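What follows is a set of notes on a single structure, which appears directly below.
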Amino acid sequence: MLNIKNLHVKLEEEDKQILKGINLSIGAGEVHAVMGPNGSGKSTLAYVLSGRGGYEVTEGSAELQGQDILAMEPEERAAAGLFQAFQYPVEIPGVGNMTFLRTAVNAQRKARGEEEMSAGEFLKVIRAKAKDLQIDAEMLKRPVNVGFSGGEKKRNEILQMTMLEPKMCILDETDSGLDVDAMRLVSDGVNALRDAGRSFLVITHYQRLLDHIKPDVVHIIADGRVVKTGGPELALEIEHNGYADILAEVS
Amino acid sequence: MSVANPKADTTAARLNALTMPTGGWSEPARRDALTRVQAMGLPHRRDEYWRYTTPDSLNAPEAPSAAVFDDDEAPLFSAHDRLKLVFVDGVFDPAQSDDLSHAGVEIGRLADASDLHWARDLYGVLEARGQVPVARPLAALNTAFATDGVLIRATGTPERPVSLVYLHSDPESDATLHHVIRVEAGASLTVMEHGPAAARLNKVMEVDVADNGAFHHIRAQGRDHERRAVTHMFARLGSESVFKSFTLTVNGVLTRNECVIELTGDDAVAHVAGAAVGDGDFHHDDTVFITHDAMNCESRQVFKKVLRNGATGVFQGKILVKQQAQKTDGYQISQALLLDGDSVFLAKPELEIYADDVACSHGSTTGAIDETALFYLRSRGVPRADAEDLLVLSFLAEAMAEIEDPVIASDLTTRLEGWLARRR
Ligand SMILES: Nc1ncnc2c1ncn2[C@@H]1O[C@H](COP(=O)(O)OP(=O)(O)OP(=O)(O)O)[C@@H](O)[C@H]1O
Ligand SMILES: [Mg+2]
């Protein structure tokens, strides 16, 4: 599904190398967790994949189902099936949540040469999905993320994901800011989407989320590199011992 | 040897080219206005409130010509049930207009109305009041030389709004329109205006809202790229009265909209808002002066401009709170969204407060498209151009939200969307 090879990324504005040769390969239907100390480059990796400006790829490649996504515009990557649930979702006053989502769903469909969703059908689908995530109708009408609590913003990200039905989902600290119940709702939402044709890259600091969303593989990123890859037990080890042992081991 | 006095020369040149309509009930008011113009002189770039907008083309004896634009959009407000009064190049056209009789309202034509004492008490009167402390010579010029306009007196609540339609057909036309509106105590009136009007338009609207009266005003200035307009609204508000005015401006090489409001009765409310979008030669100036002269009044100014391709936006807005105007609630925001580095926004927000128990806030910002928001939208699959349009509309949303009628709001939003779509 997603193949990242020797990815080197620096900041466009300054001479600062952030990713220093990331290798990561996620098969169809797999869930990979990414953990690592603050500032190690996890969000940067997610942003570079989804196409945010400000970064420069100096070496390496990233392919989504064989397509070179780094050469694509952000909207093309989205239409190709990539989705990032952001660590800090943006507030957009004046743009209605529903208007935005319907525009997005139909833009992707159009880009893929599929038929657009009618207003009626869209409404029916979004109501059902919002209900599962306990997002009320009033929230759907509000401007995108404006006045949403931290946890509501994260649930809204997952709502967008379920509406857009991407193939490769990147979740950047979706668990932070969620209370215990919301974490279960969100995890249920994610698990409901798991299938053989869809993969996940779940960035998190806590084992807790991985109790709900069981990963196949866990990667540790430190200082812009994947320093260790293992099974779910790796997350447990970090939960208990922190990163010190692993970092000492690899240096 | 004579000392060069460009202001006096400009004024003399303009006045020489004009003939004052004589003989009617308005003649004394016109003569007074002429005296005011002569005393003030026409505006000059060195005048404090004309530093950002060059008045030359508004002062010139001849109107610079403006091509008539072939507007391919559906006519505005056509679905609205309204009393339509049509002006072509600034001249009332009875053939295209509805019958002036209308329940709840008296309507006369300035050019031929017999002596209406209520209009005589207002014509040029509110304009003259609005000359202090800032001179507005083009408004006095209008009072002296206006050739047409309507006198509207609302005594009840007419079922239909009055819709003033300004058609432009002669590329050399120079229109001077003066409307006088009186909303009687407890009455309510909505006036809609739209269209380019002429190559050059000088328009004054005097609005007197008595106690508990309500006046709503919606305006869409025409799409003609080369048209010029200087407009003044002078409003006086009685206690517990409401005045709400919204203006959409799309294109026009020069627009100067002045709005001068006096809150003279307690608990009155005045809202003035505008959304303006333009590119290239587009120069758009909102100049607002709100005087709080009574207790517990509310005023609100919301002005947003989207500027592209070297366009210029100007905002000069003042809130003056007099000593007795305690519990004043004043709000003013002026913002520009610059879609490129060539466009400019010049803002002069002012507060002058003599009362001690007031809540006044004002803010002015200039910014570009928010890249973070743009990326967020694109990351969900919205193509760049659509995402930018969404953000432009979202920027204008606070101003558009000032329009109370949802049908009108959606009509005007469609105009904005059209403007954006044509710039793809
Ligand atoms: N646009 C930027 N400007 C300046 N520094 C940046 C920028 N983006 C990332 N960095 C720096 O790059 C490093 C990696 O940041 P990144 O956000 O990818 O870390 P992270 O692993 O997601 O951290 P956390 O666990 O705290 O979310 C940090 O030192 C960060 O300050
Ligand atoms: Mg991060």
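The values are calculated or read from the model by the stated rules, or taken from the named source; none is laboratory data. Treat the numbers as computed from the prediction; the structure is a model and nothing was measured. Cβ coordinates were reconstructed from backbone atoms using ideal geometry, including for glycine residues, and neighbour counts include every protein chain displayed. Only protein heavy atoms, including side chains, enter the accessible area calculation; ligands, DNA and RNA are left aside. Shrake-Rupley method; radii C 1.70, N 1.55, O 1.52, S 1.80 Å.
Miscellaneous remarks
- Residues losing 20 Å² or more accessible surface upon assembly, the stretch B:358-392, compared with the chain by itself, 1.4 Å: B:Thr372, B:Ala373, B:Phe375, B:Tyr376, B:Leu377, B:Arg378, B:Ser379, B:Arg380, B:Gly381, B:Val382, B:Pro383, B:Leu390
- The base-10 log of I(q)/I(0) for the stretch A:1-143, evaluated at q = 0.21 Å⁻¹, reads -1.32 [Debye formula, identical scatterers on Cα atoms, solvent excluded].
- Angle between chain A longest axis and helix A:180-193 axis [Cα atoms, degrees, rounded to 10]: 80 degrees
- Spherically averaged projected area in nm², based on the convex hull that wraps the Cα atoms of the stretch B:153-309: 8.4 nm²
- Sparse packing (at most 14 other Cβ atoms within 10 Å of the Cβ) combined with a DSSP loop state is found for the following trypsin sites (Lys or Arg not before Pro) in the stretch B:11-106: B:Arg45, B:Arg46, B:Arg51.
- The calculated FRET efficiency for A:Glu91 paired with B:Ser78, based on their beta-carbon distance and R0 = 35 Å, is about 0.40.
- Shape analysis of the stretch A:103-202 places it in the oblate category; the axes a ≥ b ≥ c from the Cα gyration tensor give an a/c of at least 1.5, with a/b not above b/c.
- The residue list B:Leu374, B:Gly341, B:Thr328 was ranked by how far each Cα lies along the charge dipole of the stretch B:313-391 toward its positive end, using unit charges on Cβ atoms, and B:Thr328 comes out on top.
- For chain B: relative contact order, % (alpha-carbon pairs under 8 angstrom, 6 or more apart): 11 percent
- Among B:Lys203, B:Lys305, B:Lys322, residue whose mean-square fluctuation peaks in a GNM of chain B (springs only between Cα atoms under 10 Å): B:Lys322
- Mean per-residue shielding of peptide A:144-154 is 1, counting Cβ atoms of other chains within 10 Å of each Cβ.
- Averaging 1/r across all pairs of distinct Cα atoms in the stretch A:2-250 and inverting the result yields a Kirkwood radius of 18.7 Å.
- Residue-count net charge about B:Gly186 - beta-carbon cut-off 12 Å; Lys, Arg +1, Asp, Glu -1: -3
- In this assembly, the B-A interface accounts for approximately 1800 Å² of buried accessible surface in total, computed with a 1.4 Å probe and without ligands, DNA or RNA.
- Set of aspartates and glutamates with alpha-carbon distance to A:Lys10 below 15 Å, sequence-local pairs under 8 removed: A:Glu56, A:Glu59, A:Asp223
- In this Cβ point-charge picture (+1 for Lys and Arg, -1 for Asp and Glu), chain B has a dipole of about 800 debye about its Cα centre.
- The charge dipole of the stretch B:140-208, taken about its Cα centre with unit charges on the Cβ atoms of Lys, Arg (+1), Asp and Glu (-1) only, comes to about 140 debye.
- Given a 1.4 Å probe and the protein chains as shown, B:Glu258 ends up with an accessible area of around 10 Å².
- About the Cα centre, charge dipole magnitude for the protein assembly as shown (Lys/Arg +1, Asp/Glu -1 at Cβ), debye: 380 debye
- Using every pair of distinct Cα positions in the protein assembly as shown, the Kirkwood expression returns a hydrodynamic radius of 28.3 angstrom.
- Sulfur and carbon atoms: percent of accessible area, the stretch A:55-199 [1.4 Å]: 48 percent
- Interface burial in the stretch A:52-81 reaches 50 Å² or more for A:Glu75, comparing the full protein assembly with the chain by itself; accessible area from heavy atoms with a 1.4 Å probe.
- In the stretch B:139-296, a dipole from Cβ-located charges (positive for Lys and Arg, negative for Asp and Glu) runs towards its positive end, and of B:Ser239, B:Ser188, B:Tyr166 it is B:Tyr166 whose Cα lies farthest in that direction.
- Hull-based mean projected area of the stretch A:148-220, where the convex hull spans the alpha carbons, in square nanometres: 4.7 nm²
- Entry comment: accessible area of the protein assembly as shown is 39 Å² per residue, from protein heavy atoms only and a probe of 1.4 Å.
- Computed over protein heavy atoms with a 1.4 Å probe, the carbon and sulfur contribution to the accessible area of the stretch B:270-357 reaches 43%.
- Comparing chain B with the 2.2 N^0.38 Å rule of thumb, its C-alpha radius of gyration ratio is 0.95 (two decimals).
- Candidate cross-link partners of B:Lys305 among the lysines, defined by an alpha-carbon separation under 25 Å and a same-chain spacing of 8 or more, comprise B:Lys203, B:Lys244, B:Lys318, B:Lys348.
- Dipole orientation for chain B: of the candidates B:Gly280, B:Ala199, B:Leu248, B:Gly280 has the Cα lying most toward the positive pole (charges on Cβ; Lys, Arg +1; Asp, Glu -1).
- Unsatisfied cross-links (Cα-Cα over 21 Å) in the set A:Lys129/A:Lys154; A:Lys42/A:Lys154; A:Lys110/A:Lys141; A:Lys110/A:Lys153; A:Lys167/A:Lys228: A:Lys110/A:Lys141; A:Lys110/A:Lys153; A:Lys167/A:Lys228
- Label sites at A:Glu63 and B:Arg129, each approximated as a point 7 angstrom past Cα along Cα to Cβ, lie 7.8 nm apart.
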